[in-house]
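For reference, the structure is listed below as structure tokens.
The values are calculated or read from the model by the stated rules, or taken from the named source; none is laboratory data. Since we're looking at a predicted model, the values are computed, not measured. Virtual Cβ from ideal backbone geometry, glycine too; neighbours counted across all protein chains shown.
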Amino acid sequence: MASSAAPRSKTKSKGLDPARADEYRGWLRQMLLIRHFEEKAGEAYSLGKIGGFCHLYIGQEAVAVGSLAALGPDDYITCSYREHGHALARGISSQAVMAELFGKASGCTGGKGGSMHLFDASLGFLGGHGIVGGHIPLTTGMAFAAKYRGTSQVAVCYFGEAAVNNGAFHEALNMAALWKLPALYLCENNRYGMGTALERASALYDISERACSYDMANEVVDGQDVLTMNAAMERAVTRARNEKLPTLLEVRTYRFMGHSMSDPIHGHYRTREEVEGQRKRDPIAGWSQRLIADGLMDEDSVRSMDKNVLQEVEEAYQFADQAPDPAPEELYTHVYAGEEGER
């Protein structure tokens with residue numbers, strides 16, 4: 001049985017391009033920000049600062065950072081409920097995301113969305129979605145809108161491997177292939193749908209092969225390598241923009257934490273040895289080591305960057321903790337579409 005973090009192919013190892021050094025260092029900072037933000041969010045949840053559900057992205061940082069770096073500023077993005085990392089990588093401030101988790105008025109959704117429903121239309125970030133697979137057909141509609149209007153925009157959908165057994169997944173992909181839409185379906189295969197391993201839920205282990213039913217381009221990607229992730233996304237984006245054709249990317253990654261804050265890190269469905277083995281492919285450690293090896297950073301600059309990110313996250317926490325709650329009358333806003341002054 002194939003491993004969730006052992007894709008069939010990956011970008012050939014070669015020296016990093018010095019001309020992209022600033023971009024590469026930016027990727028490391030974004031991954032560090034996501035990691036430390038999620039650690040702080042877990043701490044805040046344990047202290048009762050965050051209510052409801054909270055699904056952390058620790059271990060999967062390279063997927064969001066590498067893929068979103070390939071998009072333009074007006075492209076559309078939808079995510080599942082594990083979307084803190086995507087929101088941060090897309091450019092929503094750490095303060096706005098943390099405040100939203102705290103349910104505060106300063107949050108990116110006004111404190112009404114919480115962990116699973118981050119949103120910022122100005123960045124094309126059209127929501128985390130709590131219903132498994134519910135956003136996949138929405139993304140297909142966004143791709144249709146882009147093609148109908150004749151723009152160069154693409155629509156990208158992030159979802160977990162458990163969503164592919166949903167009928168909406170098949171209907172959406174079939175429609176995108178039939179109508180030749182600029183849609184990218186990115187499956188973050190971390191192997192476990194809550195506590196159920198992929199091989200116990202799917203008759204077909206290689207999720208990418210499901211695209212063959214729709215004559216759709218597909219690829220298996222190493223989600224623990226940010227450069228490989230970026231290269232695969234660039235190929236898919238080029239196909240969508242230039243040829244108006246969809247792609248299914250099966251990105252094999254791994255979450256180091258439990259499914260949500262109510263799920264122990266190891267649980268009864270995976271062993272401590274498995275988790276520790278996967279931690280040896282930590283995407284942040286691997287990328288920072290590569291930057292050092294190629295002479296684009298040194299250990300001191302990595303430590304300095306890490307310290308700077310920790311300070312940003314702490315400031316975001318303090319901002320969220322001190323921010324005001326939504327006013328009581330906010331209960332009656334954003335109820336119906338078309339209300340004056342609505343976002």
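Could you please find all residues in region 159-189 being small (Gly, Ala, Ser), closer than 25 Å to residue 200 by Cα and part of a strand (DSSP E or B)?
Let us first name the residues in region 159-189 that are small (Gly, Ala, Ser), namely 160, 162-163, 167-168, 172, 176-177, 183.
Narrowing further to those that are closer than 25 Å to residue 200 by Cα: 160, 162-163, 167-168, 172.
Residue satisfying the conditions is 160 alone.
Restricted to region 167-200, and to residues that are of a type in the set (S, T, N, Q) and surrounded by fewer than 17 Cβ atoms within 10 Å (Cβ to Cβ), which residue is nearest to residue 215 (Cα to Cα)?
My answer is 174.
Conditions tested, residue by residue: (1) in a helix (DSSP H, G or I); (2) closer than 20 Å to residue 316 by Cβ.
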{"site": "100", "(1), (2)": "yes, yes"}
{"site": "104", "(1), (2)": "no, yes"}
{"site": "126", "(1), (2)": "no, no"}
{"site": "137", "(1), (2)": "yes, no"}
{"site": "141", "(1), (2)": "yes, no"}
{"site": "146", "(1), (2)": "yes, no"}
{"site": "153", "(1), (2)": "no, no"}
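For region 90-101, give me each residue that is touching a helix residue (DSSP H, G or I) at 6+ places or on another chain (Cβ under 7 Å), of a type in the set (A, V, I, L, M) and surrounded by fewer than 24 Cβ atoms within 10 Å (Cβ to Cβ).
Correct list: 92 only.
This table checks each residue for (1) without any contact (Cβ under 8 Å) to a residue 12 or more places away in the chain; (2) of a type in the set (Lys, Arg); (3) in a helix (DSSP H, G or I).
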residue	(1), (2), (3)
70	no, no, no
82	no, yes, no
85	no, no, yes
111	no, no, no
157	no, no, no
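So, residue 226, is that one crowded, with 16+ Cβ neighbours inside 10 Å, within 19 Å of residue 157 (Cα to Cα), β-branched (Val, Ile, Thr) and touching a Phe, Trp or Tyr at 6+ places or on another chain (Cβ under 9 Å) or not? Break it down stepwise before answering.
Details: crowded, with 16+ Cβ neighbours inside 10 Å: yes; within 19 Å of residue 157 (Cα to Cα): yes; β-branched (Val, Ile, Thr): yes; touching a Phe, Trp or Tyr at 6+ places or on another chain (Cβ under 9 Å): yes.
Spelling it out, residue 226 is indeed crowded, with 16+ Cβ neighbours inside 10 Å, within 19 Å of residue 157 (Cα to Cα), β-branched (Val, Ile, Thr) and touching a Phe, Trp or Tyr at 6+ places or on another chain (Cβ under 9 Å).
Just for region 309-335: of the residues that are surrounded by 11 or more Cβ atoms within 10 Å (Cβ to Cβ) and either of a type in the set (Val, Ile, Thr) or touching a Leu at 6+ places or on another chain (Cβ under 9 Å) (or both), which one is nearest to residue 17 (Cα to Cα)?
The selected residue is 309.
If we scan region 122-133, do we find a residue that is surrounded by 19 or more Cβ atoms within 10 Å (Cβ to Cβ) and hydroxyl-bearing (Ser, Thr, Tyr)?
Taking every residue of region 122-133 in turn, none turns out to be surrounded by 19 or more Cβ atoms within 10 Å (Cβ to Cβ) and hydroxyl-bearing (Ser, Thr, Tyr).
Among all residue pairs at least 6 apart or on different chains, which show Cβ distances below 7 Å where the first residue, located in region 1-30, is closer than 21 Å to residue 88 by Cα and the second is at pLDDT 95 or above and aromatic (Phe, Trp, Tyr)?
27/287; 28/287
Looking only at region 264-271, decide whether some residue is under 21 Å from residue 224 (Cβ atoms) and either hydrophobic (A, V, I, L, M, F, W, C) or in a helix (DSSP H, G or I) (or both).
yes
Within region 30-84, which residues are surrounded by 22 or more Cβ atoms within 10 Å (Cβ to Cβ) and on the phi > 0 side of the Ramachandran plot?
Correct list: 59 only.
Any residue at all in region 276-290 that's free of Cβ contacts under 8 Å to residues at least 40 places away in the same chain and either surrounded by 15 or more Cβ atoms within 10 Å (Cβ to Cβ) or over 30 Å from residue 192 (Cα atoms) (or both)?
Looking through region 276-290, none of the residues is free of Cβ contacts under 8 Å to residues at least 40 places away in the same chain and either surrounded by 15 or more Cβ atoms within 10 Å (Cβ to Cβ) or over 30 Å from residue 192 (Cα atoms) (or both).
Is there a residue being modelled with pLDDT under 95 and among the aliphatic types (A, V, I, L, M) anywhere in region 110-122?
no
If residue 266 passes every condition in (1) surrounded by fewer than 22 Cβ atoms within 10 Å (Cβ to Cβ); (2) in contact with a helix residue (DSSP H, G or I) (Cβ under 9 Å, 6 or more places away or on another chain); (3) modelled with pLDDT of 90 or more but one, which one does it miss?
If we test residue 266 against (1) surrounded by fewer than 22 Cβ atoms within 10 Å (Cβ to Cβ); (2) in contact with a helix residue (DSSP H, G or I) (Cβ under 9 Å, 6 or more places away or on another chain); (3) modelled with pLDDT of 90 or more, just (3) comes out false.
Out of 209, 273, 250, 234, I need the residue that is farther than 22 Å from residue 176 by Cβ and among the acidic types (Asp, Glu). Which one? Before you say what the answer is, go through the steps one by one.
Numbers: 209 fails: farther than 22 Å from residue 176 by Cβ; 250 fails: farther than 22 Å from residue 176 by Cβ; 234 fails: farther than 22 Å from residue 176 by Cβ.
Within the list 209, 273, 250, 234, the selection yields 273.
If residue 37 satisfies every condition in (1) farther than 16 Å from residue 285 by Cβ; (2) in contact with a strand residue (DSSP E or B) (Cβ under 7 Å, 6 or more places away or on another chain) but one, which is the exception?
Result: residue 37 fails condition (2) only.
What are the residues in region 107-161 that are closer than 21 Å to residue 189 by Cα and of a type in the set (Gly, Ala, Ser), if any?
Scanning region 107-161 gives 115, 127, 128, 130, 133, 134, 155, 160.
Being under 27 Å from residue 210 (Cβ atoms), in contact with a His (Cβ under 6 Å, 6 or more places away or on another chain) and part of a helix (DSSP H, G or I): is that true of residue 64 here? Spell out the reasoning first.
Values: under 27 Å from residue 210 (Cβ atoms): yes; in contact with a His (Cβ under 6 Å, 6 or more places away or on another chain): yes; part of a helix (DSSP H, G or I): yes.
When the stated conditions are applied, residue 64 passes them.
Test residue 233 against the stated conditions and say whether it is under 30 Å from residue 48 (Cβ atoms), of a type outside the set (Phe, Trp, Tyr) and within 22 Å of the chain's Cα centre (by Cα).
On the way: under 30 Å from residue 48 (Cβ atoms): no; of a type outside the set (Phe, Trp, Tyr): yes; within 22 Å of the chain's Cα centre (by Cα): yes.
Considered against the rule, which asks whether it is under 30 Å from residue 48 (Cβ atoms), of a type outside the set (Phe, Trp, Tyr) and within 22 Å of the chain's Cα centre (by Cα), residue 233 comes out as no.
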